[in-house]
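Before any comments, here is the structure.
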Amino acid sequence: MSKNAVIISGGTLDEELAFSVLDGLDNPCIIGVDRGVEFLYRHGIRPSYMVGDFDSLPEEIVLYYKQRGDVPIRAYNPVKDASDTEIAVRLGVTLGCEQMTILGATGGRIDHMWANVQSLMIPFKAGAEAVIIDPQNRIRLIGGETHLLREQAYGPYFSVFPLAETVRNFNIRGAKYPLRNHTLVPCDSLCVSNEFAEDEVVIDFSCGTVILMETRDRGVS
């Protein structure tokens with residue numbers, strides 16, 4: 001099984017970005033999640049696995065893959081204890097994937113998007129790298145010293161949030177708004193929309209888990 005997984009979820013999917021991600025990987029494990037399978041079906045891309053309750057996927061597409069018989073289908077009751085994307089992420093960890101790119105995990109449903117962000121903790125705890133990307137955002141978790149290079153950044157802005165607990169001794173160097181020995185607490189918007197002041201930004205902290213969002217557009221305030 002490939003060490004790289006691409007999870008195609010059922011949110012808003014930018015097809016150009018999806019093609020770019022898939023073309024940039026050598027034989028990735030492709031996990032289609034519910035409505036995300038429709039993109040794969042339309043473009044003749046065979047998923048490695050299909051997961052979900054398939055309540056948002058046309059029945060004829062599910063039947064097509066059942067008749068093919070070469071795609072493992074993991075169907076779940078809509079009344080379940082985890083989101084479809086979380087199930088796909090857990091599958092990626094079970095398969096031993098070391099890197100996961102999650103597409104179609106953002107969009108109009110903010111509750112679904114937030115659940116998907118929280119699901120990043122599953123591969124993070126397993127020692128795998130997982131990232132949610134769309135045309136405007138790249139979202140991942142960091143657990144210690146992290147270096148951001150301007151030339152490799154996803155956009156000119158970045159924001160950080162504690163995933164759950166208070167994060168102490170939090171530092172940002174090389175940014176427009178630096179911090180030193182800060183206590184990063186939930187429900188605090190201090191660290192929204194920072195920018196590069198130097199070619200390299202260094203984020204470090206002693207313990208805890210932080211959500212790092214790199215953003216291409218200015219957004220709203």
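Here are the numbers for the structure shown:
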| item | result |
| --- | --- |
| The chain: calculated mean residue ellipticity at 222 nm from DSSP helix runs of at least 4, using -39500 (n - 2.57) | -6500 deg cm²/dmol |
| Cα Rg over Rh - region 1-114, Kirkwood | 0.93 |
| Antiparallel content of DSSP bridges confined to the chain, in %, to 5 | 60 |
| Spatially close lysines, pair count over the chain: Cα under 26 Å, gap of eight or more or interchain | 4 |
| Paramagnetic reach from GLU98 (point 7 Å along Cα→Cβ, amide N under 15 Å) across region 3-36 | 3-5, 26, 28-29 |
| Average accessible surface area per residue within the chain, 1.4 Å rolling probe, Å² | 52 |
| Model label zone, GLU145; criterion: amide N under 16 Å from point 7 Å along Cα-to-beta-carbon; scope region 154-192 | 169-174, 181 |
| Two-decimal Rg to Rh for region 76-138 - Kirkwood Rh, Cα set | 0.96 |
| Solvent-free Debye scattering, log10 I(q)/I(0), computed from the Cα coordinates of the chain at q = 0.09, 0.17 Å⁻¹ | -0.38, -1.19 |
| Extension reserve of the ASP53-ARG109 stretch, reckoned as 0.36 nm per residue once the Cα distance is removed | 18.4 nm |
| Surface share of carbon and sulfur [accessible, 1.4 angstrom probe, percent] for region 7-101 | 43 |
| Cα-based Rg of region 141-186 normalised by 2.2 N^0.38 Å, two decimals | 1.19 |
| Ratio of Rg to Rh over region 96-221 (Cα coordinates, Kirkwood Rh, two decimals) | 0.94 |
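The values are calculated or read from the model by the stated rules, or taken from the named source; none is laboratory data. Please read these numbers as outputs of a predicted model, since none were measured by experiment. Quick reminder, even Gly has a Cβ in these numbers, built from the backbone with ideal geometry, and neighbours come from all protein chains shown. Areas reflect the complete protein model, heavy atoms only, side chains present, ligands, DNA and RNA absent. Shrake-Rupley method; radii C 1.70, N 1.55, O 1.52, S 1.80 Å.
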